[in-house]
1. Please enumerate, by chain and number, the lysines with C-alpha under 16 Å from the C-alpha of Lys80, excluding those fewer than 8 residues away in the same chain.
2. Gain in length, Thr148 to Arg40, computed as 0.36 nm per residue apart minus the alpha-carbon separation, to one decimal in nm?
3. At q = 0.11, 0.18 Å⁻¹, what base-10 log of I(q)/I(0) does the Debye formula yield for the range 31-149 when every alpha carbon is treated as an equal point scatterer in vacuo?
4. May I ask you to compute the full-extension gain from Thr97 to Ala33, defined as 0.36 nm times their residue separation minus their alpha-carbon distance, rounded to one decimal in nm?
5. Sort 54-64, 69-79 by packing, meaning the average of other beta carbons within 10 Å per residue, with the highest value first.
6. For the peptides 33-40, 111-118, what is the packing order when you average, over each peptide's residues, the other Cβ atoms within 10 Å and list the highest mean first?
7. Between Asp137 and Ser77, what FRET efficiency follows from the Cβ-Cβ distance if R0 is 22 Å, with the result rounded to 0.05?
8. Taking the inverse of the average 1/r across all pairs of different Cα atoms in the range 29-83, what Kirkwood radius in Å do you get?
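Values quoted throughout were computed directly from the atomic coordinates according to the rules given, and no laboratory measurement underlies them. The structure presented is a predicted model; accordingly, all values stated were derived computationally and were not measured. Using ideal geometry, Cβ is built from the backbone for each residue, glycine included, and neighbour counts are taken over all protein chains shown.
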Amino acid sequence: MSRRLIVSVLAGVVVVGGAGAFALAYAGEQPPALSHSTARYSAPAGDRDGSLTFTTEVKASSGVESVKVLAWPASSSLAKPGLTVREMADAESAVCTPSGHDTVRCTYKVAVTRAEADKSPRGRWHVAVLATGKDGDTTLKTKAADFTA
């Protein structure tokens, strides 16, 4: 083999190896990612309470510390400035169970009484989610799912 060919091959190995190491390091630092988010609203009927159920999958390489959920009407004052991480910190927590190596499936369920439904705005609602990884990284998705009340 010629010397030039050996040097070229070695340089290629260094470049490919360096890119692979960078990709692995970058993949390990990803913030939590949400997927398969759904919301289901059932209005109260007769003497039966209604409910709101929200589910999502959260993947975080460091593990998931918490998932906070907040339903808000699309016509509210929250629509203009948008929700912030600080505001979402006080939201209610979803219950999460392991669903894979670095993934959890989270469910938030709340009963809706007739009185609450009567006082709440009608129409389109959004569900906001704040996912926090064990490394402190956060992901805020203000419109993770929608439903109509």
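1. Lys141, Lys143
2. Length gained, Thr148 through Arg40: 38.0 nm.
3. After summing over all Cα pairs, the log10 values are -0.37, -0.90.
4. 21.5 nm
5. Working: 54-64: 19.6, 69-79: 16.0.
In decreasing order of mean packing, 54-64, 69-79 become 54-64, 69-79.
6. Numbers: 33-40: 14.8, 111-118: 12.8.
So the peptides 33-40, 111-118, ranked by packing, come out 33-40, 111-118.
7. Numbers: r = 29 Å, r/R0 = 1.30.
My answer for the efficiency is 0.15.
8. On the way: mean 1/r = 0.0710 Å⁻¹.
Every distinct Cα pair counted, the radius reaches 14.1 Å.
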